[in-house]
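Sharing a structure with you now.
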2 protein chains.
Amino acid sequence: MAKKTKTSYHHGDLRQALINAAITLISEKGPNSFSLREVAKRAGVSHTAPYRHFKDKDSLLSAIALIGFQLLADRLIEVQAQYTSDPLRQFMEAEKVYVEVAVENPEVSQLMFGGYIPQEHCVGELAEVSQSAFQQLFVIIENGQKANVLKQQDTMELSLAAWSMVHGLSSLINSGQLLGHVETQQEVENITIKLGRLLFEGLKETSS
Amino acid sequence: MAKKTKTSYHHGDLRQALINAAITLISEKGPNSFSLREVAKRAGVSHTAPYRHFKDKDSLLSAIALIGFQLLADRLIEVQAQYTSDPLRQFMEAEKVYVEVAVENPEVSQLMFGGYIPQEHCVGELAEVSQSAFQQLFVIIENGQKANVLKQQDTMELSLAAWSMVHGLSSLINSGQLLGHVETQQEVENITIKLGRLLFEGLKETSS
DNA sequence: ACCTGAACACCGTTCAAGT
DNA sequence: ACCTGAACACCGTTCAAGT
């Protein structure tokens, strides 16, 4: 069974238990109404126990944002490893995966991009993983350029266009701006494909 | 002078004074650290006085978000009234104005799109003004289609592509994701123009 | 090492009371 | 009508104290 050498106080891994409780709480009530004390209560410890594992509330929020970026990066790495012989397909799949992940985790996405993490925390590991996610888009665009499917323009610019588009769509959906227009999962996928194609028309190599 | 018929308690217009103080406070400390009590203190009234003008904290935040959407809509209406004979120019100006407004008011933008306003408040006037801002993009795209400069595809899809792109770029900048890449106002404008051109390539009519 | 309880300064919100 | 002060239940954070 679990390797509990000694009769531990409350948890084998309180840190992980706190993160789990925090993600659940954020998913339930959004990143704005979220309290350290409530998380501690749900994890079954006193309200000061979290300070053994996190410097402060912001550090716990950063840890959750990190997990969000990690998930995004992982899913994009998968895409980047697949469809390598079909740059258009790879581009479209990346766009779909980005929006999918963001829309499936709206509250965590808002936590990641909504100004909840103070700028001081946006360095080190968090910045690295966030850049790793973007890096996958960059490589996918680069693949398309090498295959002469995409414009031979600054790769950064093309990547940023792709990132902005999917990120913007996700943000508009998650903030409720598209309530009358894009609601079901199917509608999300459809509009993502439509926008992906429109953007691809602008990014593609025209000499062919 | 000001029409002070009677010796009013503290303000001719406490409601407006509270909104002003709130915008200042949000701009200083972000939408996350923002308290009604601090706003009241800055306006020079007791911490319960705001309840005469706003049902609760969320109502004050909604009022500020409304002002943010109104500003965006107003600036886009200006663009929509200008350059009517040059659809490409009009499209590019609209993209620039959107990003400009968002990046000049990062904290208010995060308030508008970062999950600070509960879904219950996202109806009525707030939804109307928000839709009015989007409507301007829609009309601008429509102009381009009528002039046979843009694709004869569902106007909603083209508009949503434009909205997503500028909104995504703004959000990435404001959340600090592009810190190494896009920082100065000049860089923001340059990258906005670059992305605008790339998207335009995808939206433009190809039969001409 | 890991956790607790009391304490502090802060919140949002309500309500009886004052002019 | 407009504002106040006390009160309540909640915060984040610190710190001495317990095992």
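How many of the residues making up the stretch A:104-137 are over 19 Å from residue B:110 (Cβ atoms) and either touching a strand residue (DSSP E or B) at 6+ places or on another chain (Cβ under 9 Å) or among the charged types (D, E, K, R) (or both)?
Qualifying residue count for the region: 3.
Check the stretch A:182-204 and report whether any residue there is free of Cβ contacts under 8 Å to residues at least 12 places away in the same chain, in a helix (DSSP H, G or I), of a type in the set (D, E, K, R) and within 25 Å of residue B:179 (Cα to Cα).
Taking every residue of the stretch A:182-204 in turn, none turns out to be free of Cβ contacts under 8 Å to residues at least 12 places away in the same chain, in a helix (DSSP H, G or I), of a type in the set (D, E, K, R) and within 25 Å of residue B:179 (Cα to Cα).
Within the stretch B:157-171, can you find the residues that are more than 9 Å from chain A (Cβ to nearest Cβ) and buried (at least 21 other Cβ atoms within 10 Å of the Cβ)? Break it down into steps so the answer makes sense when it comes.
The initial filter retains those residues of the stretch B:157-171 that are more than 9 Å from chain A (Cβ to nearest Cβ), namely B:159, B:162.
Correct list: B:162 only.
Have a look at A:129, A:139 and point out the one that is modelled with pLDDT of 95 or more, within 15 Å of the chain's Cα centre (by Cα) and more than 11 Å from chain B (Cβ to nearest Cβ).
Answer to the check: A:129.
Further question: Among the residues of the stretch B:26-43 satisfying the criterion of being more than 8 Å from DNA strand C (Cβ to nearest atom) and within 14 Å of another protein chain (Cβ to nearest Cβ), which is surrounded by the most Cβ atoms within 10 Å (Cβ to Cβ)?
Selected residue: B:31.
Taking the stretch B:172-201 as the region of interest, how many residues are at the interface with chain A (Cβ under 8 Å from one of its Cβ atoms), surrounded by 21 or more Cβ atoms within 10 Å (Cβ to Cβ) and within 21 Å of residue B:140 (Cβ to Cβ)?
4
Counting only residues that are more than 9 Å from DNA strand C (Cβ to nearest atom) and more than 14 Å from chain B (Cβ to nearest Cβ), which one in the stretch A:44-59 is surrounded by the fewest Cβ atoms within 10 Å (Cβ to Cβ)?
That would be A:55.
Within the stretch B:44-57, can you find the residues that are within 25 Å of the chain's Cα centre (by Cα) and either within 23 Å of residue B:12 (Cβ to Cβ) or hydroxyl-bearing (Ser, Thr, Tyr) (or both)?
Scanning the stretch B:44-57 gives B:50, B:53, B:54, B:55.
Only residues that are in contact (Cβ under 8 Å) with a residue 60 or more places away in the chain and within 16 Å of residue A:76 (Cα to Cα): list them for the stretch A:145-162, please.
Matches in the stretch A:145-162: A:162 only.
A further question follows. Inside the stretch A:57-106, can you point out the residues that are among the polar types (S, T, N, Q) and in contact (Cβ under 8 Å) with a residue 12 or more places away in the chain?
A:59, A:62, A:70, A:80, A:84, A:90, A:105
Those residues that are β-branched (Val, Ile, Thr), part of a helix (DSSP H, G or I) and more than 29 Å from residue A:111 (Cα to Cα), I need them from the stretch B:28-86; list them, please.
If the condition is that a residue be β-branched (Val, Ile, Thr), part of a helix (DSSP H, G or I) and more than 29 Å from residue A:111 (Cα to Cα), then B:77, B:79 are the ones that fit.
Next question, about the same structure. So residue A:151 passes all but one of these: (1) more than 10 Å from every other protein chain (Cβ to nearest Cβ); (2) touching a Gly at 6+ places or on another chain (Cβ under 9 Å); (3) among the basic types (Lys, Arg). Which condition number does it fail?
(1)
Looking at this structure, is residue B:95 crowded, with 21+ Cβ neighbours inside 10 Å and of a type in the set (Asp, Glu)?
Spelling it out, residue B:95 is indeed crowded, with 21+ Cβ neighbours inside 10 Å and of a type in the set (Asp, Glu).
In this structure, is residue A:75 more than 28 Å from residue A:128 (Cβ to Cβ), surrounded by 13 or more Cβ atoms within 10 Å (Cβ to Cβ) and away from DNA strand C (no atom under 16 Å from the Cβ)? Break it down into steps so the answer makes sense when it comes.
Numbers: more than 28 Å from residue A:128 (Cβ to Cβ): no; surrounded by 13 or more Cβ atoms within 10 Å (Cβ to Cβ): yes; away from DNA strand C (no atom under 16 Å from the Cβ): yes.
No; evaluated as a whole, the condition is false for this residue.
The values are calculated or read from the model by the stated rules, or taken from the named source; none is laboratory data. As the structure is a prediction and not an experimental result, all values here were calculated from the model. Neighbour counts are summed over all protein chains in view; Cβ atoms, including those assigned to glycine, are modelled from backbone coordinates with ideal geometry.
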